Amino acid sequence: MIIQDHAKDRSAGVHPITAGWLTDSEVMLDVLRLDKIHPVVSGNKWFKLKYYLEDVKNKKYSTIATFGGAYSNHIAATAYACKEFGFKSVGVIRGEQPSPLSHTLNFAQEHEMELMFVSREDYRNREVIKKSINDVYWIDEGGYGALGVKGASEILQHVHNLQEYSHVVTAVGTGTTLAGIIEAALPHQQIIGVSAMKGNEALSNRVNELLITPRSNFFITHNYHVGGYARYTKELLIYMNELWQQHNLPTDFVYTAKTFFAVQDLVENKIIPCHSKVLMIHTGGLQGNLSLPYNALLFS
Ligand SMILES: *Cc1c(COP(=O)(O)O)cnc(C)c1O
């Protein structure tokens, strides 16, 4: 196997959180720091890509193409991984070419990804786009699909005492990571997905479609999008700085800060009951913070 495994080389590690709102409910909270695995192919993106890369190699394609927005962690991770493992890459980007390019797109271009901009309308017809480019290996947006789930199901292998946790919480975009976690979780564990999107009602079905065996030990909450996907408020940025100052925990404004906030709110409202032992997955994505105003955060 030529695809060297980033996750095996670097220890993700669990980061215990101490806070008044936890002691009040006698809840224990640990954060699995997948953001530490790699600065770019960080968090869940590495897990989701890994079996696609293997498949590309086995099927002897030389080019990988995928989809994403101008700030997509998946685009950045795919560009980086392709360059590292010697594949050409094409990124089909939603919307007009921004000028200047976003830092994510600049990064992708520096890693030799060929960018193709398509209108939001055309972007909806991804099957048409796929047919228009020959001889490339397609990875769906966000790595959605069975191989993405297979990779994501290995995330929990990085937790030594997995059986001790009663709840596992993760951010949700496409639901691929959530599906992998559900697959790997133990029968007594409740899995909670925190959707980063506003009113994405199709999400539960999309996750169910990915599961090999149907499960009922999970739910998705839609209450913590803070205005919508990739939206933020001044309060959210303050909250992120507090997480950094109080817990030495860097978060991203699209997924992990909102997920941490959800954990706190669910504990305070006893939806996560007293005496629970919670594992929150830090799914990475810190590169996305580069799109925030300079100096908005006390960390980078
Ligand atoms: C992409 C991403 C997610 C969403 O993962 P899905 O598998 O698409 O649900 C969550 N967190 C971070 C930091 C991400 O970059």
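The values are calculated or read from the model by the stated rules, or taken from the named source; none is laboratory data. Remember, predicted model here, so these are calculated numbers, not experimental data. FYI the Cβ positions are ideal-geometry reconstructions off the backbone, even for glycines, and counts take in every protein chain you see. SASA here: full protein model, heavy atoms, side chains in, ligands and nucleic acids out. Shrake-Rupley method; radii C 1.70, N 1.55, O 1.52, S 1.80 Å.
Brief remarks on what is shown
- Largest mean-square fluctuation among Thr259, Thr104, Thr63, in a Gaussian network model of the chain whose springs join Cα atoms under 10 Å apart, belongs to Thr63.
- Set of lysines near Lys258 by C-alpha distance (under 29 Å), chain-local residues within fewer than 8 positions excluded: Lys8, Lys36, Lys45, Lys48, Lys50, Lys150, Lys198, Lys234, Lys270, Lys277
- Computed over neighbours whose Cβ is under 9 Å from that of Gly180, the net charge equals 0, Lys and Arg +1, Asp and Glu -1.
- The modelled label-to-label distance between Leu298 and Ala146, using points 7 Å beyond Cα along the C-beta direction, is 4.8 nm.
- Local charge for Phe67 was computed over the other residues whose Cβ lies under 10 Å away, with Lys and Arg +1 and Asp and Glu -1, and equals +1.
- Taking every protein chain into account, the 1.4 Å probe leaves His188 with about 110 Å² of accessible area, to the nearest ten.
- Taking only protein heavy atoms and a 1.4 Å probe, the accessible area of the chain is 49% carbon and sulfur.
- Principal semi-axes in Å for the range 30-94 [√(5λ), Cα gyration tensor, largest first]: 21, 15, 9
- Here the chain is treated with +1 on each Lys and Arg Cβ and -1 on each Asp and Glu Cβ, and its dipole about the Cα centre works out to around 440 debye.
- Accessible surface of Arg94 - all protein chains present, 1.4 Å probe, nearest 10 Å²: 80 Å²
- Sites Ser119 and Ser99 - FRET efficiency at Förster radius 22 Å, r taken between beta-carbons, to 0.05: 0.85
- Intensity falloff of the chain expressed as log10 I(q)/I(0), Debye formula with alpha-carbon point scatterers, at q = 0.09, 0.15 Å⁻¹: -0.42, -1.21
- With each label modelled as a point 7 angstrom along the Cα→C-beta vector, the Ala19-Glu268 pair spans 0.9 nm.
- Taking all protein chains as they are arranged and a probe of 1.4 Å, the heavy atoms of Asp35 leave approximately 20 Å² accessible to solvent.
- Ordering Tyr165, Ser99, Gly151 by the projection of their Cα atoms onto the charge dipole of the range 96-179, which places +1 on the Cβ of Lys and Arg and -1 on the Cβ of Asp and Glu, puts Tyr165 at the extreme positive end.
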